[in-house]
Amino acid sequence: MSSQASLRPAVVLSLVLVVWALTGLTHAQPKGGYTVRQLLKVAKKTVPRLEWKRTPLVLKATAGLRLLPSEKAQALLEQVQDVFNESPFFVPDDSVSIMNGTNEGILAWVTVNFLTGHLYAETRKTVGILDLGGGSTQITFLPKSKKTIGSSPDDYIARIDMFNSTYELYTHSYLGNGLMAARLAALGALGADVFKSSCLPKKFREEWSFGGLTYIVSGKPDGYVGYKLCYQEVLKVVKGIVHQPYELKDTSVFYAFSYYFDRAVDAGLIDRTQGGMLEVRDLKKRAKEVCNKMSKYRPINPFLCMDMTYITCLLKDGFGFKENTVLQLTKKVNNVETSWALGATFNHFQNLKIHR
């Protein structure tokens, strides 16, 4: 295909949904190809037949696959590639790949700032992003202070050229600090055949699966539970691991999404459709309430105390946000999901350059 500019982005946007399906198929890898075929059926209905040959298929896998053993991850990617090659759509080079965490954060930043109008505004005022996935978490923002850049590790600063402008971003992805991976780290740090936690209801005992393995987890029927004890458990997952950018001590605007949004909905802090604005202290206050009244919230999610406490700990003791920092929790902006997908589309079609 000689002209990328003539290619349609529809399937790029549609197929990013398959990433979530792939990460959940570690037990039954043959289903990976089936899942992609189902999405291609949707793509065929969306894209006119005459456009199929010049509509590209692109799949970017995220932390769920980065955490898998390389053989399992590669097997899933090869299944997708085989299905792509059989399809009537255009399959560019490197159409199926695992995206590195840094690019995931940068492209999510591009998505949110494009949708909110900041990338084509006359001023260079932008918003930061906080993305909490299952396997990893990302933070990306445009520093206002040179101290932030000067005090950060070299690989936490990335420069992007985009839409005739250059942005020097603070960005990092913490593999293993996504919500599900953090659960495992907090539970596993306690070491036992049955992982017991002060973050879970006393009488709770169930199987829980993550990363292709199943664990037995439970509360402490004869021990103490609650927010303070839970906080000490999850603090081990954050302390000394997450870097605190200099200027987060000051007021900044951040959009938070993925599990930040989902758990705020579960905890009754925001509306599922509208989202909302919260201070970090609001998340802390609700985490305390959930942990100290676990029986009330267990029907919603028995892990809600652990998850809300981890989110609070990550924001405060991890990134170093003040309790009065305001976060915009949202799932969509202008009916487009707040994720890396739209940014990845720009990356594919407009040759977005990312330098590290």
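Derivation of every value follows stated rules applied to the coordinates shown; laboratory data play no part. No experiment lies behind these values; they were computed from the predicted model shown. A quick note on method: Cβ atoms are made from the backbone with ideal geometry, for glycine too, and the neighbour counts reach across all protein chains shown.
Mean projection of the alpha-carbon convex hull of the stretch 172-329 over all orientations, in nm²?
9.2
Between ILE216 and ASN335, how high is the FRET efficiency from 1/(1 + (r/R0)^6) when r is the Cβ-Cβ distance and R₀ = 45 Å? Nearest 0.05.
0.60
Which are the unpartnered cysteines of the chain, meaning those with no other cysteine Cβ under 4.7 Å from their Cβ?
CYS313
If each Cα of the stretch 164-262 is one equal point scatterer, what is log10 of I(q)/I(0) from the Debye formula at q = 0.20, 0.25 Å⁻¹?
-1.13, -1.45
If you bin every alpha carbon distance in the stretch 263-356 into 10 Å steps from zero, what whole percent lands in each bin?
15, 35, 29, 16, 5, 0
In debye, nearest 20, what is the charge dipole magnitude of the stretch 229-356 about its Cα centre with +1 on Lys and Arg Cβ and -1 on Asp and Glu Cβ, if you could check?
Here the size comes out at about 200 debye.
Would you be so kind as to identify which of CYS291, ASN334, PHE346 lies farthest towards the positive end of the dipole of the stretch 267-356, taking Lys and Arg as +1 and Asp and Glu as -1 on Cβ and the Cα centre as origin?
Ranked along the dipole, the leading option is CYS291.
Give me the extension gain from GLU289 to THR166: residue separation times 0.36 nm, minus the current Cα-Cα distance, reported in nm with one decimal.
Residue separation times 0.36 nm, minus the Cα-Cα distance, leaves 39.8 nm.
Would you list LEU50, LEU65, LEU213 from fewest to most Cβ contacts within 10 Å?
Least to most surrounded, the residues fall as LEU50, LEU213, LEU65.
If you find the alpha carbon centre of the stretch 237-272 and of the stretch 81-119, how far apart are they in angstrom?
Between the Cα centre of the stretch 237-272 and that of the stretch 81-119, the gap is 24 Å.
Testing the spin-label approximation: label points 7 Å from Cα along Cα→Cβ at LYS228 and VAL326. State their distance in nm.
Label at LYS228, label at VAL326, 3.4 nm between them.
Taking the Cα centre of the chain as origin, sum charge times position over the Cβ atoms of Lys and Arg (+1) and Asp and Glu (-1), and report the length of that vector in debye to the nearest 20.
With only Lys, Arg, Asp and Glu charged at Cβ, the dipole is about 800 debye.
Taking other Cβ within 10 Å of each residue's Cβ, how do GLU247, GLU122 sort, fewest first?
Ranking GLU247, GLU122 by Cβ neighbours within 10 Å, fewest first, gives GLU122, GLU247.
Might you report the magnitude of the Cβ-based charge dipole of the stretch 136-191 about its Cα centre, with Lys and Arg at +1 and Asp and Glu at -1, to the nearest 20 debye?
Here the stretch 136-191 has a charge dipole of around 220 debye.
Over all Cα pairs of the chain, how is the pair count split among 20 Å bins, expressed in % and running from 0 up to the last occupied bin?
28, 57, 15, 0
7 Å from Cα along Cα→Cβ at both GLN244 and ARG124: what's the point-to-point distance in nm?
In this crude spin-label approximation the distance works out to 2.7 nm.
Spin-label point model (7 Å from Cα, Cβ direction): what's the SER145 to ARG281 distance in nm?
2.1
Based on alpha-carbon centroids, what's the gap between the stretch 142-194 and the stretch 36-70 in Å, whole number please?
The distance from the Cα centre of the stretch 142-194 to that of the stretch 36-70 comes to 27 Å.
When the helices in the chain are scored as -39500 (n - 2.57) per DSSP H run of 4 or longer and the sum is shared across all residues, what 222 nm value do you end up with, to the nearest 500 deg cm²/dmol?
Per the formula, -11000 deg cm²/dmol.
What list do you get for ASP271, ASP307 if you sort them by fewest beta carbons within 10 Å?
Lowest count first: ASP271, ASP307.
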